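All remarks here apply to the structure that follows.
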Amino acid sequence: IANRAARLGVTGDDIYLYSATRMQDILEAIARTQPALVIIDSIQTVYLEDVSSSAGSVTQVRECATAFLHAAKRSGVPIVMVGHVTKQGDIAGPRVLEHIVDVVLYLEGEGMQGHRILRGIKNRYGPTDEVAVLEMVGAGLAPVQNPSAAFLTPQVKGEAAVSAAVTVSMEGSRPLLLEVQALCSEATQAPGGGKGGGVRRYGTGVQLTRLHLLLAVLTKRMRLPLYRQDVFVNVTGGIQLTEPATDLAVVAAVVSSFFDVPIGPNLVFLGEVGLGGELRSVPQIERRLTEAAKLGFKRAVVPAGCTAERKGLDIVRCSTVSDAMQVIVPDLLERST
């Protein structure tokens, strides 16, 4: 701990480290030192002697969290409880833990990526539509001043790029420009032959079920033989695409890679893709377009129902996926037949 504090530049005589897991000892230390802030790392390791179950059990986590809540209310000292999460990203232990506390914050991001998003899931005394974008640097996590620019490579901002499409995702109330990359390659024939027997689908930052749906739409509605292709999709920066509004960018990246055709510079894609290949409107599209224009993008492919206009931004309205993809591949209909 001392080595990490030295690396992060943590100095001062008013920081106290107390090693204990017994609940009564921790509460006594809080009462004795009267700190301005208490951080418990982690709630799953603390136990009450009066509770017979082991630390980390449903009963122990619930009772310890309740005791910390009462201590915070009595003393007026904010208490931050660090909690473990499951592989699915949910808080480990009883769901009642989320109901006991006043605020629930998630720190999200791929383990090997440099960016993290601090997202509010619950806030009893304020909104939950705010997020903080952080970057891992030598001195710890630092705020990113211009998140949209941080997630884009110079190639997609000013030059034509193959297999890379830009979209705008809403992270809470903040619009973020994100780059979606795709790679299509001929699949190795499965033993015994047969359509799609040996294809692989892999996604980083995208939901695999959503990726399967979009690839099925391209295969059925645009007659692309993706059943013979391995498809890999990646969202740069370790950010997760969680809303359908970014579907069109995933489709654009896949189509660009399949035909090996570059996507024009300063082009952004917005739209939800339906099972019939139609493009559906997305929420808060005005804010998304404003963010794209602010970053220097000149064209935006959007659903036909979008009525928003932005100065300096050429809005291309499309009803279907096929219409939208002809922006990338003008002779798409001839190529896909």
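No value in this document is a laboratory result; all are computed from the given coordinates. The structure presented is a predicted model; accordingly, all values stated were derived computationally and were not measured. Neighbour counts are summed over all protein chains in view; Cβ atoms, including those assigned to glycine, are modelled from backbone coordinates with ideal geometry.
Quick notes on this one:
- Computed from label points 7 Å out along Cα-Cβ, the spacing between Val316 and Ala6 is 5.7 nm.
- Crossing angle, helix 208-221 versus the chain [Cα axis fit, 0-90 degrees, rounded to tens]: 10 degrees
- Remark: region 2-101 is approximated by an ellipsoid whose semi-axes, taken from the C-alpha gyration tensor as √(5λ), come to 24, 18, 13 Å, largest first.
- Degrees separating the helix 58-75 axis from the principal Cα axis of the chain, which is the longest one: 70 degrees
- Helical contribution to [θ] at 222 nm, DSSP H n ≥ 4, -39,500 (n - 2.57), averaged over the chain, rounded to 500: -8000 deg cm²/dmol
- Helix axis angle, 285-294 relative to the chain longest principal axis, alpha carbon, degrees: 80 degrees
- Rounded to 5, percent antiparallel among DSSP beta bridges of region 184-337: 35 percent
- Note on Asp13 and Asp260: with the Förster distance fixed at 56 Å, the Cβ-Cβ geometry gives a FRET efficiency of about 0.35.
- Pairs of lysines in the chain whose Cα atoms sit within less than 21 Å of one another amount to 8, provided the residues are eight or more positions apart or on different chains.
- Residue of Arg174, Arg200, Arg32 that the Gaussian network model of the chain assigns the largest fluctuation, springs spanning Cα pairs under 10 Å: Arg32
- Taking every DSSP bridge with both residues inside the chain, close to 65 percent are antiparallel.
- In the set (1) 50, 49, 39; (2) 82, 60, 42; (3) 77, 55, 38, the label that goes with Cα extents along the principal axes in Å computed for this structure is (3).
- Computed from the Cβ-Cβ distance with R0 of 45 Å, the FRET efficiency linking Ser57 to Ala150 stands at 0.65.
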